[in-house]
Structure formats: structure tokens, C-alpha cells
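Everything below concerns the one structure shown next.
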Amino acid sequence: MSNIPGFPFPYFEVQFNKQGDAADENEVNQALNSISTGSFTDLLIVSHGWNNDMADARKLYKNLFDCVDKVLDAGDVPNLGSRKFAVLGVLWPSKKFAEEDLIPSGAAGINSAVTVEFIQKQLDNLKGVFDKADADATIDKAKQLVPQLENSRNAQREFADLIRSLPQRGAEHPEDASDRFFTLDGAEVMNRLSKPAFAPPAHAKPAGGAASIGSPRGGPHVPSGGAAGLGSFFSGINSAARNLLNFTTYYQMKERAGIVGQSGVNPLIRKIQAQTNGMKLHLIGHSFGGRLVTAAALGPDNQQSLKVNSMTLLQAAFSHNGFAPKFDGSHDGFFRKVVSENRVAGPIVITCTQNDKAVGLAYPLASLIAGQNASGLGDKNDPFGGIGRNGAQKTPEASDGTLLPIGGSYQFEPGKLHNLNADAIIEGHSDICHNEVAYAILKAVATT
């Protein structure tokens, strides 16, 4: 039943391909049969994010739900003693990168320029990432242009057009400037991305903070490494090329997470609901997995909406205006209907921290694309920012709070969004496996 030795709950998993189709229908049918006959009261549906291969995703799930199990066993959340939990793990194609390609400055030192060789290596590492049929050949063609970028505007334009042709289109939106990214002249995109982009500094964890490590109930601690760095502290045309690659890859993972959520996980949830009687469903997503589960709750436009019982977004990688009405005076956030049509019956819980550089660095690039000065951008007052850094913004149903220690009093409400500042607990994008995080998840579950 479980592909993860020692998993603390009954565990099932379904793998999806890039098109959002289940990789193995027998796997789906076995999971559905086991879930529908297991007498479970609650199913926790969890999705990993970018930069997780299957082994990493399963490790993340094991560490996170070990924390959930500890909090449950300690009786820290009342009214859950009679509930019977199972976990459904979603696995989807998200490229595993080498560590040196993930940190914000890449392999370059802070005082050195981004080199031709570095860009060419980054291009090689992107082979296999994109959905276009001839993507790798397109990457090779772009690679040949890199030595010409410094001195040729035509090479810059062609390079940008080649790279922008790699992802499947369909997820463009003003909330992250991806609409402008595909419509601007290629040379102008390179010019805008050549300017320096600085994310606001992360706050160091205060001494004596409420981190799980070393506490009596401390859960497994996953280091903050392994988060995909999406921005650049450098300037110049080679830096523009690096920023272009990072933003294009961000867009591809954003688009793919949405497809898997809407076309794969949403129909699976419908099948589960059809085969079970009153079982509560709770969505949990990390990084781009946060976008995936939110897309699953949104569902396709041409189908009747489904309703899940709660949703927890752990350092989610999408716009902080994603749930907002008319955030720019004209456009609703991409996921506004999830809130306005009450597609989550219970609370939506959102962890956010300035320590999340992977989310914090993506949006200064959007500011550059939009033609704004991106110095210091990315906080909650800026037009472009990540929900995993700032929480849900310009959303009347959202309120600000703090990720509390075990035993803390949350006032979670159905239909409301709760931004939980996690500066004192979460040190980086992938540092989510803490008992305090598990406690917040379970407190949301307990309201349903």
C-alpha cells in the first residue's frame, strides 16, 4: 500500500505526467478502492513543488507526516481522537536541479559577472524541463547565441524568442507580468531583465525562537537548501539571459502545476467524493504544489465546482494577489473564485516568511518585465510578490497572524484565509517539516 517505509498513516500515491494524466490507471484504481473501503474520516491530499524528484517528494511527505503523527499522538489538538486519517501523495514531473544552479547567485561569486560558460551550463541543465516537442534542439540553438549576446541586439532578440517558445502557453496573467513577458519585443525583454533585481533581505531567526529543533517535540528538520532560486543580484546582458531562463522555467512549472491540478487532481478528487460517503478532504501543497492544489480546488471552468474541507499552503509559489478581487483595479487574481465561490468549506491556511528566498526572488523579475525599478521589491506593498513570502494580499477575506507554538490558540474560520508569519520557525523555502506546521494543519482540519 505504501511506497514509503515507516509512513505513519495509510499512504497512497498517484503519479501524473506533464499533461495532467495519470501515469498508471491501475495505480489510480487501486488507490480509489483502498480509500473508499478504508473507513477513513479524513483524507489529506499533499503535493510537492519544484525541484523534487520522486525520492525527494516521498522524503518530504514522510518527514512532514511524522510531525503530524507526533502532534496527534501528543493530543495537542482536541476533537481529533476519533478521526481516522489517510494520506494521498501526488507526484508530478518537476525537474531536479544541481545545487549550484539553485542558489540566487548561482556558481558565480558575488563580485563576479555571470559568464557565457555559466549561461551555457544552465541551458544544458534545462534540457528535459520543457514541454515543447523540440525543446532540447531549441535550447542547443539558443546556446550557440550566448557568446553573441553582449554585442548583438539581434542575437538578444532571437535568444529571448527561442527561450520564450519553450513552455506551453495558457497561464499568462497580469499578477506576475507573464502576460507582458510573452508580448514584449525580445530585445526589450532582455534590456529590462539586464537591470539588477534585489529581493528584500531575509530576517534572521531570533535567538530563542520557536523552532522545532531541540524542543521536546521537535520534528525532523529539513534544511532550507534545495529551493529553486528564481532571481539574480547581477546586471548586464548575460545576467539578463540568466534571469530570462529563470523566469521561463518559473512559468513552465507554474503552468504545469496548474494543468496537473485542474486536469489531473481535480477529477481524481471528484472520483473520491463519488465513492466515499462524507469523508473530509484536505489539500496541502508546498511551493508549486501550493499552486497545484489550489488549481485542483478551482477546477476547470466548464464543470460544476467541487468543495473540499480545508487547504494549507506551505510556502506556496504563486502571486500574493492570487486570491484578490480586482488587485490592479481591473483583474481578479487567478484563484479568486476559490474564495468567492467558497470552494474550500473550511479555512485556508498560508505560511509565509521573508526567509523564503526562492519565492521572494521570483517577483522582482516580474517587476523588471513590467518596466519597474525592482530594487528592494517583493514585499506585501509591491504589485508583484509571492504568497509564500507575504501571504494573501488585497484579499478582504484574509487576516494576518503568526505560526504559533504547539498549544497556541488559532481562530481559524470557514471561508477565511489566514496568513501565518513563520519568520521564527521556517528558515527557507523547503524548511516546512516542523511540529508547529503540523499543528497548524491539524488545527485547520479540526475546524471541519
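The values are calculated or read from the model by the stated rules, or taken from the named source; none is laboratory data. This structure is a prediction, so every number in the text was calculated from the model and none was measured. Note that we place each Cβ from the backbone using ideal geometry, even for glycine, and neighbour counts take in every protein chain shown. Note: areas computed on protein heavy atoms with side chains; ligands, DNA, RNA excluded. Shrake-Rupley method; radii C 1.70, N 1.55, O 1.52, S 1.80 Å.
A few points about this structure:
- Each peptide among 380-386, 128-134, 183-189 gets the average number of other Cβ atoms lying within 10 Å of its residues, and from highest to lowest they stand as 380-386, 183-189, 128-134.
- The stretch 306-402 - Debye-derived log10 I(q)/I(0), Cα point model, q = 0.14, 0.18, 0.20, 0.25 Å⁻¹: -0.50, -0.80, -0.97, -1.35
- Taking all protein chains into account, the per residue accessible area for the chain stands at 36 Å² (1.4 Å probe).
- The DSSP beta bridges internal to the chain are antiparallel in roughly 5% of cases.
- Across the stretch 130-190, Cα-Cα pairs more than 13 Å apart make up 63 percent of the total.
- Accessible surface of the stretch 365-448 [probe 1.4 Å, protein heavy atoms]: carbon and sulfur percent: 44
- Partner lysines whose Cα lies under 24 Å from the Cα of residue 326, excluding those fewer than 8 positions away in the same chain, are identified as 254, 307, 337, 380, 394, 416.
- GNM on the chain, alpha-carbon springs under 10 angstrom: the most fluctuating residue among 78, 196, 167 is 78.
- Whole-percent P(r), the stretch 341-444, all Cα pairs, 5 Å bins from 0: 2, 13, 21, 21, 17, 14, 7, 4, 1, 0.
- Most mobile of 268, 403, 365 in a GNM of the chain (Cα contacts under 10 Å): 268
- Within the chain: Cβ-based charge dipole about Cα centre, in debye rounded to nearest 20 (Lys, Arg +1; Asp, Glu -1): 440
- Solvent-accessible surface ranking, highest first, for 242, 192 at 1.4 angstrom: 192, 242
- Solvent-accessible surface ranking, highest first, for 115, 249 at 1.4 angstrom: 115, 249
- Sequence of 288, 182 when ordered by accessible area, the most exposed leading, probe 1.4 angstrom: 182, 288
- Size-normalised alpha-carbon gyration radius of the stretch 230-360, reference 2.2 N^0.38 Å: 1.17
- The chain: angle of helix 116-125 to the longest principal axis, Cα-based, in degrees nearest 10: 40
- Among 309, 52, 29, the largest mean-square fluctuation in a Gaussian network model of the chain (Cα springs under 10 Å) belongs to 29.
- Relative to the longest principal axis of the Cα atoms of the chain, helix 54-73 runs at roughly 40 degrees.
- For residue 195, a cut-off of 20 angstrom between C-alpha atoms picks up these lysines, skipping any fewer than 8 places away in its own chain: 357.
- Rounded tilt (10° steps) of 135-145 against the dominant C-alpha axis of the chain: 30
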